[in-house]
1. Only one of these is within 20 Å of residue 106 (Cβ to Cβ) and either aromatic (Phe, Trp, Tyr) or loosely packed, with under 13 Cβ neighbours inside 10 Å (or both): 234, 197, 192. Name it.
2. Quick check on residue 120: is it assigned to a loop (DSSP other than H, G, I, E, B), surrounded by fewer than 18 Cβ atoms within 10 Å (Cβ to Cβ) and outside the structural domain of residue 296 (by TED's automatic domain parsing)?
3. Answer with yes or no whether residue 290 is of a type in the set (A, V, I, L, M, F, W, C), within 28 Å of residue 12 (Cα to Cα) and in contact with a His (Cβ under 7 Å, 6 or more places away or on another chain).
4. Can you find even one residue in region 92-101 that is modelled with pLDDT of 95 or more, β-branched (Val, Ile, Thr) and either surrounded by fewer than 21 Cβ atoms within 10 Å (Cβ to Cβ) or farther than 23 Å from residue 210 by Cα (or both)?
5. Restricting attention to region 99-114, which residues are over 20 Å from residue 337 (Cβ atoms) and in contact (Cβ under 8 Å) with a residue 60 or more places away in the chain?
6. Which of the residues belonging to region 207-251 are in a helix (DSSP H, G or I), within 24 Å of residue 271 (Cα to Cα) and of a type in the set (A, V, I, L, M, F, W, C)?
7. Return the only residue of 53, 37 being outside the structural domain of residue 177 (by TED's automatic domain parsing), at pLDDT below 95 and not aliphatic (A, V, I, L, M).
8. May I ask you to say which residue of 89, 80 is out of contact with any Pro (no Cβ under 9 Å at 6 or more places or on another chain) and crowded, with 18+ Cβ neighbours inside 10 Å?
Amino acid sequence: MALRVIQFSTGNVGRHSLRQLIERPDFDLVGVHASGPDKVGRDAADLCGLDVPTGVLATDDLGALVALRADCVVYMSQAETRPHDALHELTAFLAAGTNVVATSLVWLIYPPHADAWLTGPLAEACRVGGTTMYVNGVDPGFSGDLLPLAALSLCGRADTVRVQEICDYGSYDDAEFTGASFGFGTTPDIVPMLFLPGVLASIWGGPVRLLADELGVELDQVRERYETWTATEPIECTMMRVETGQVAAVRFAVEGIVNGRPAIVMEHVNRLTPAAAPDWPVAPEGRPGVHRVIVTGDPGVEINTHLGLDGVDHNVAGVVATAAKAVNAISAVCAASPGLVSLRDLPVSQVGHLMR
């Protein structure tokens, strides 16, 4: 029997997951949430570029969607900038018996790492509704949990684990959130939201702690670092225009310190043009981006993951893959024990109904 599902948000990621939900035979789309007046009342198919109407019209009525008592809601509303509103929406679904898979509230990639103000109400709603909530994506998400765990499974001894996202963001049309968060187009003296003390660790510290727990090691501390690179000439790209002297590349990391050394590292190198920050790590030749894990030890392992083949833009591919990480987990989450879960609590295989 198909699982009854709701798509919550139809933005950059949500429109791709909406399409996947409509096209999958194992799901029955019963509701769609949209906040923009230009989207409310439109058919779900129209919102994701499909031709055949579904008969499911988008609404901004939270109560009506909760009352559907669907098996799962795919929650992709931007929540990091509106956490309390998101908390209200999510607890309503969970307490009413609807499971949640999400790509936002990334602090919950590994729930034991998240703060109690967030986990407390959500865990209680799960208890009341007998429901489960799971948050994942590509990064943070896949690159920091499934990918390094796969690499580590090939080792007889692991000394260090380094996860890297090295990516040209120039073709990513998201100046409003991603661009502003990373500080692109600003001067180096301005500290953007992402680099305020504690923010990096709140997001990527979860995957660091998940790997530490899986490896059975005690972390001395979790520390942050970041640096910027400024343009030497104007840059025009899809993300934005960057003037000379403005930030066009960032490099940052969250490091799990074990016995005084950075043993588990989540690192980003993000540019708006391939020419930016030439001395920083780069993707393999001919590739605009890579999600890479490097494990040193015995024998030592490196895995490079590239999103987007056959002419698909790598940033578009990243958004599609982020949506897929949530959609593909729906069946496993609906079958899981109630509560806030991470990859550690779910079956590794989440690929049913992909080949058709």
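The values are calculated or read from the model by the stated rules, or taken from the named source; none is laboratory data. Only a predicted model underlies this, so the values are computations on that prediction, with no experimental measurement involved. Neighbour counts run over all protein chains shown; Cβ positions are idealised from the backbone, glycine included.
1. 197
2. The answer is no for residue 120.
3. yes
4. Within region 92-101, one or more residues are modelled with pLDDT of 95 or more, β-branched (Val, Ile, Thr) and either surrounded by fewer than 21 Cβ atoms within 10 Å (Cβ to Cβ) or farther than 23 Å from residue 210 by Cα (or both).
5. Of everything in region 99-114, those that are over 20 Å from residue 337 (Cβ atoms) and in contact (Cβ under 8 Å) with a residue 60 or more places away in the chain turn out to be 103, 106, 107.
6. Passing the criteria: only 208.
7. Testing whether each residue is outside the structural domain of residue 177 (by TED's automatic domain parsing), at pLDDT below 95 and not aliphatic (A, V, I, L, M) leaves just 37.
8. The conditions single out 89.
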